[in-house]
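Presented below is the structure to which this report refers.
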Amino acid sequence: MRAILVDDENPALLQLERLIQGDGRIEIAGKFTQVRAALKHAEGIPVDIAFLDIEMPGLNGLEAAERLHAMHPGIQVVFVTAYNQYAIEAFEVNAIDYLLKPVDPERFAKTVSRLEARLAPQQQTAAPVLVRQDPQIICFKRIEVLDGTGSGSRLKWRTQKAQEMFALLVHHRNRWVAKDQILMTLWPELSADKAVTQLHTSVYQVRKMLKAWGLGSTVDYSHESYCLVQREVEVDVDGFLRDTAMEEIRDLRDLQRLQSGLAQYQGDYLEEHDYGWAMSAREELRRQFVRSSLLAAEYEQAVGQARRALDRLLGLQSVEPFSDEVCRKVLLSYLQAGETGEAQRHYDAFVRVLSEELDAEPEMETVMLAEQIF
């Protein structure tokens with residue numbers, strides 16, 4: 001199944017691209033931030049699916065869908081948008097599905113299954129065409145390696161300890177880690193001889209994986225230490241830190257760069273693994289995500305994108321449900337939008353969550369703000 005992706009916001013395109021790569025059943029035939037460029041591209045190539053944002057400058061997604069149907073009568077359209085008020089109009093142009101941003105991975109998988117079922121009869125004899133892409137190491141949410149073939153395949157580990165060994169080396173990438181430190185971190189309960197045997201086995205498996213999958217990186221050994229030398233593969237954390245490394249947003253280009261970094265954050269650092277050694281980095285990366293999200297929301301409010309700022313803050317509150325600072329920002333955004341009733345409901349929900357989950361109350365600053373608003 002070949003798809004084009006169209007959204008005027010790069011972060012949204014990046015998230016959709018990662019979902020598609022992770023799922024592995026769709027080939028990306030092109031991605032565009034401008035509708036006219038997408039339509040021109042679609043004229044000369046076979047396209048089975050179009051993922052379209054609705055609110056875009058110039059031609060909107062609904063108009064684009066109609067033109068794509070004229071070019072490719074069998075094309076399947078999926079709308080991906082931050083607003084649900086277009087749902088009826090979307091299905092009037094024969095869209096197969098309608099996804100709300102940020103797209104939930106499980107919901108996305110169901111959509112792809114529907115597309116697969118719809119397109120399978122006409123593609124039973126078609127061989128898949130894969131586009132070579134750079135491999136990527138994923139650390140947000142879980143440790144994964146995308147193989148770079150475009151199929152979305154993930155590396156599979158023979159043992160959990162080999163996986164943790166790899167995660168530890170990625171954590172310290174391009175830095176030497178003492179052999180004794182690795183032994184104490186991964187096999188503290190084993191005798192020295194057994195721990196060393198496990199270490200050598202895990203290093204062998206990691207090296208074999210790196211070579212078999214053509215990732216370019218190597219595990220070097222010197223002076224009783226190991227080092228994962230990073231080559232030809234991007235780590236999502238590096239992109240996140242690079243693009244969120246700013247104290248202020250000066251213009252739209254800065255905002256787009258910041259949004260690109262924030263899109264990398266698909267969950268807490270290695271959150272699905274019980275690695276005690278990752279806790280400190282996990283908390284620091286989470287704090288960076290919150291700081292950068294607040295910075296983006298503040299800029300969006302300043303340039304008149306109040307609705308977008310509010311949506312960002314609401315998403316951030318779901319990540320940080322106990323944050324008084326985020327709650328205050330949400331209340332002020334609702335106040336700016338003239339939605340006092342929504343502000344009241346949000347505050348009441350915040351108070352209830354604090355009470356039920358932490359047996360706590362909001363900070364005095366939050367209470368005083370609420371009293372001023374209501």
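The values are calculated or read from the model by the stated rules, or taken from the named source; none is laboratory data. Given the structure is predicted, the values throughout are model-derived calculations rather than measurements. Please note: Cβ atoms are built from the backbone with ideal geometry, for glycine as well, and neighbour counts cover all protein chains shown. Just the protein is used for accessible areas: all its heavy atoms, side chains included, with ligands, DNA and RNA removed. Shrake-Rupley method; radii C 1.70, N 1.55, O 1.52, S 1.80 Å.
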Ignoring ligands, DNA and RNA, what percent of the accessible area of the chain is carbon or sulfur (1.4 Å)?
49 percent
In whole Å, what is the distance between the alpha-carbon centres of region 303-373 and region 1-55?
35 Å
Tally the DSSP beta bridges in the chain and give the antiparallel ones as a percent, rounded to 5.
40 percent
Could you order LEU241, LEU168 so the one with the most accessible surface comes first? Probe is 1.4 Å.
LEU241, LEU168
Just to confirm, what accessible area per residue do you get for region 37-79 at 1.4 Å probe, in whole Å²?
40 Å²
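Using a probe radius of 1.4 Å on heavy atoms only, what accessible surface per residue do you get for region 187-343? Whole Å² is fine.
51 Å²
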Quick one: putting +1 on the C-beta of Lys and Arg, -1 on the C-beta of Asp and Glu, what dipole do you get for the chain around its Cα centre, in Debye to the nearest 20?
1680 debye
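Using a 1.4 angstrom probe on the protein heavy atoms only, line up TRP157, TRP213 by accessible area, largest first. Before the final figure, lay out each step's value.
Values: TRP157 55, TRP213 85 Å².
Output order, biggest surface exposure first: TRP213, TRP157.
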Hey, can you rank 27-37, 348-358, 293-303 by average C-beta count inside 10 Å, highest first?
293-303, 27-37, 348-358
So how do TYR334, TYR204 rank on accessible area, 1.4 Å probe, biggest first, that is with the largest at the start?
TYR204, TYR334
